[in-house]
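Chemist: Here it is, the structure in full.
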Amino acid sequence: MLVWFLPLFLLFLMIGLPVFFGMLAAPGILLWLNGQDRDLILLYRNVYNGMASFPLMAIPFFMLAGELMNRGGITMRLVEFSQAMMGHFRGGLAHVNVLSSMLFAGLSGSAVADTSALGSMLIPAMEKEGYTRKFAAAITAASSVIGPIIPPSGIMIIYAYVMGESVAALFLAGIIPGILVGVGLMIMVKFMADKYDFPASRQKASWGERGNASLKAFFPLMTPVIILGGILGGVFTPTEAAAVAVGYAIIVGMFILRTLSVRDLPDVFMRAAMTSATVLLLVGAAMAFKTVVSLSHTPEILAEFVLGLSQNPLILLFLINLLLFVVGMFLDAGPAIIILGPILGPIFVDLGVDPIHFAIIMSVNLTVGLATPPMGLVLFVASSVSGERVETISKAILPFLFIEIVVIFLITFIPEISMTIPRLTGFAD
């Protein structure tokens, strides 16, 4: 009877029940009907156990660091730096949007934070320069998915926690895929700029102006260097690195740039707490949901079904990418990783796929799902920021989604893209 928990969960999603309640109600109802009262108690106890984890403390710290940097005007400095470097190209502000997302990814690790922070600045600026609002919102949403791919990454921390992998290895494996997504989006922007005659946003910056913009952006750009350098050097754990990032953001904002005041802190802490609570509640519910996954023997049933389709890992990877893409349309990346990771990961590791490689395939695919119609979260955030309808943004984002899907398949079938840096640094075999 328990095997019906997943269809019941999907039914709850379709009728509009929030994901958190759906993940608890679907298995809870079936356990109650099945008379498994002890397992029912275990289910709800695991909501707390799923959140009470030292590695997961990195998530609220990274979110707080992103909020501090955004409130301290650091986001604006990254945009100014990007504009000095790329603003003179045709379609300059669209290129600036993508480059800013790549730089901001090294600070927040969140697609939603990226869309909100950069969209509020760049969408009005792009509209003023002659871009349509739907295009501006679409490129902002599409580029924001780079946030959880380039380290630090909240969903990679979740994957490492669930699957017992190295956070440092996953962070390193995400660098080239994240850059590849950004470069791919810039190529599409160039193609569209030539076709639709997009404007350049400014004259080519002089070397002096570029140097000045680089100096202003220096301290913000040191954040990912400190985070990754500290983790890889064994100075601190990922959770401690996240706490260091918060301390660094406060020092930079309040004492070096002097753009952050004590009066700003309560609102910053409140916003970070609300966002973190949402994520951690979903993680807790997903960990409880995972309990029923194991009780129902769903992994074994699905493994038999998948291996019955083909023994060729390349064909199976293609099929799993299609499945993950569809899942990403409806389910947030964090819960999807917790639910599907323990089911799919062991299957592909047994077929000879490196666990770090599969982690990146899954993480990138589900991250792209955040910008995929009909339920992509960043589409709704972009709609809120821009005032454009979700349906309109969904149509405008399709060329950029095509690029991101191509990158997903490149990552899937060319393991060296994600595995080279972890292997060179000794974090993968």
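Chemist: Could you calculate, for region 1-60, the ratio of the Cα radius of gyration to the Kirkwood radius, expressed as Rg to Rh?
Modeler: Computed over Cα atoms, the ratio is 1.05.
Chemist: Considering the zone a paramagnetic label at Phe218 would reach in this model (a point 7 Å from Cα along the Cα-to-Cβ line), which residues of region 74-107 have amide N under 18 Å from it?
Modeler: 74-75, 77-82, 84-85
Chemist: Moving on to the next point. Under a 1.4 angstrom probe, counting protein chains only, how are Asp39, Asp197 ranked by accessible area, largest first?
Modeler: Numbers: Asp39 30, Asp197 105 Å².
Largest to smallest exposure gives the sequence Asp197, Asp39.
Chemist: Where the accessible area of region 44-146 is counted over protein heavy atoms with a 1.4 Å probe, how much of it, in %, is carbon and sulfur?
Modeler: Solvent-exposed carbon and sulfur of region 44-146 make up 60 percent of the total.
Chemist: Under 8 Å for C-alpha pairs, at least 6 residues apart: give me the relative contact order for region 251-379, rounded to a whole percent.
Modeler: Dividing the mean separation by the residue count of region 251-379 yields 25 percent.
Chemist: Here is a further query. Once Rh is set to the Kirkwood radius over Cα pairs, what Stokes-Einstein translational diffusion coefficient, in µm²/s, holds for region 145-200 at a temperature of 37 °C and a viscosity of 0.692 mPa s? Can you show the working numbers first?
Modeler: On the way: Rh = 12.8 Å.
For these conditions, the coefficient is 257 µm²/s.
Chemist: Calculate I(q)/I(0) for region 307-429 by the Debye formula, one identical point scatterer on each C-alpha and no solvent, and give its log10 at q = 0.19 Å⁻¹ to two decimals.
Modeler: -1.03
Chemist: Output the peptides 253-260, 131-138 sorted from most to least packed, where packing is the average of other Cβ atoms within 10 Å over each peptide's residues.
Modeler: 131-138, 253-260
Chemist: Give me the distance between the Cα centres of region 135-165 and region 235-290, rounded to whole Å.
Modeler: When both Cα centres are located, 16 Å separates them.
Chemist: If you take the beta carbon distance between Asn312 and Phe402 as r and set R0 to 25 Å, what does 1/(1 + (r/R0)^6) give as a FRET efficiency, to the nearest 0.05? Don't skip to the end; give the middle numbers.
Modeler: Details: r = 26 Å, r/R0 = 1.03.
For Asn312 and Phe402, the calculated efficiency is 0.45.
Chemist: Here's a follow-up. With the Cα gyration tensor of region 133-239 in hand, give its eigenvalues times 5 under a square root as the equivalent ellipsoid semi-axes, listed largest first in whole angstrom.
Modeler: 32, 21, 10
Chemist: Per the Kirkwood treatment, what hydrodynamic radius in Å, one decimal, follows for the chain from the mean inverse distance over all distinct Cα pairs?
Modeler: About 22.1 Å, per the Kirkwood formula over Cα pairs.
Chemist: Leaving ligands, DNA and RNA out of it, report the carbon-plus-sulfur percent of the accessible area of region 241-350 at a 1.4 Å probe.
Modeler: Working: 3650 of 5000 Å².
Here carbon and sulfur together make up 73 percent of the probe-accessible area.
Chemist: Could you tell me whether region 1-160 comes out rounded, prolate or oblate from its Cα gyration tensor? Rule is a ≥ b ≥ c as square roots of the eigenvalues, rounded for a/c under 1.5, then prolate if a/b exceeds b/c, otherwise oblate.
Modeler: Working: a/c = 3.84, a/b = 2.18, b/c = 1.76.
The shape class here is prolate.
Chemist: Moving to a separate point now. Mind giving me the nanometre distance, one decimal, between the label points for Val183 and Met121, set 7 Å out from Cα along Cα→Cβ?
Modeler: Calculated label separation equals 2.6 nm.
Chemist: In nm, to one decimal, how far is the modelled label at Asp350 from the one at Glu209, with both set 7 Å along Cα→Cβ?
Modeler: Placing both labels 7 Å along Cα→Cβ, they lie 6.0 nm apart.
Chemist: Ok, one more. Assuming 0.36 nm per residue, please report the length gained on full extension of the stretch Leu265 to Thr278 beyond their Cα-Cα distance.
Modeler: Values: separation 13, 0.36 × 13 = 4.68 nm, distance 2.00 nm.
2.7 nm is the gain from fully extending Leu265 to Thr278.
Chemist: Could you give me D for region 357-396, from Stokes-Einstein at 4 °C and 1.567 mPa s, where the hydrodynamic radius is the Kirkwood radius over C-alpha pairs? Units µm² s⁻¹, please.
Modeler: 121
Chemist: Using the alpha carbon gyration tensor of region 158-317, what are the three equivalent-ellipsoid semi-axes (square root of 5 times each eigenvalue), largest first, in whole Å?
Modeler: 39, 28, 17
Chemist: Give the accessible surface of region 334-429 per residue, rounded to a whole number of Å², with probe radius 1.4 Å and ligands, DNA and RNA excluded.
Modeler: 36
Chemist: Okay, moving on. Give, as a single signed number, the net charge of other residues whose beta carbon lies under 15 Å from the beta carbon of Ala288, with Lys and Arg counted +1 and Asp and Glu -1.
Modeler: Numbers: positive: Arg38, Arg45, Lys290; negative: Asp39.
Result for the local shell: +2.
Chemist: Another question, then. Between Trp32 and Phe236, 0.36 nm times their residue separation minus their Cα-Cα distance comes to what?
Modeler: 69.0 nm
Chemist: Continuing with this model, one more query. Would you kindly state how much longer the chain becomes between Lys395 and Phe255 on full extension, computed as 0.36 nm times their sequence separation minus their alpha carbon distance, in nm to one decimal?
Modeler: Answer, rounded to one decimal: 46.0 nm.
Chemist: Pairs to check: Lys290/Lys395; Lys128/Lys204; Lys128/Lys216; Lys134/Lys290; Lys216/Lys395. Give those whose C-alpha atoms are more than 30 Å from each other in this structure.
Modeler: Result: Lys290/Lys395; Lys134/Lys290; Lys216/Lys395 exceed 30 Å.
Chemist: Over the chain, calculate the relative contact order: mean separation of alpha carbon pairs under 8 Å at least 6 apart, over the residue count, as a percent.
Modeler: Values: 664 pairs, mean separation 108.5, N = 429.
After rounding, I find 25 percent.
Chemist: Additional query: Could you give the nm distance between label points at Leu17 and Lys190, where each point is 7 Å from its Cα heading toward the beta carbon?
Modeler: Result for the modelled spin labels: 5.0 nm.
Chemist: Continuing with this model, one more query. How large is the accessible surface per residue of region 136-207, computed with a 1.4 Å probe and reported in Å² as a whole number?
Modeler: Heavy-atom accessible area per residue stands at 34 Å².
Chemist: Rounded to the nearest 0.05, what FRET efficiency do Thr425 and Ser384 have when you use their Cβ-Cβ distance and R0 = 51 Å?
Modeler: 0.80
Chemist: A follow-up question, please. How large is the accessible surface per residue of region 251-310, computed with a 1.4 Å probe and reported in Å² as a whole number?
Modeler: 55
Chemist: Now for a separate question. How much of the calculated P(r) for region 229-346 lies past 22 Å, in percent of all Cα pairs?
Modeler: For region 229-346, the fraction of Cα-Cα distances above 22 Å is 58 percent.
The values are calculated or read from the model by the stated rules, or taken from the named source; none is laboratory data. It should be emphasised that the depicted structure is a prediction, and the values quoted were computed from it without experimental measurement. Glycine gets a Cβ as well: all are built from the backbone with ideal geometry, and neighbour counts include every protein chain shown. Heavy atoms of the whole protein, side chains included, go into the accessibility calculation; ligands, DNA and RNA do not. Shrake-Rupley method; radii C 1.70, N 1.55, O 1.52, S 1.80 Å.
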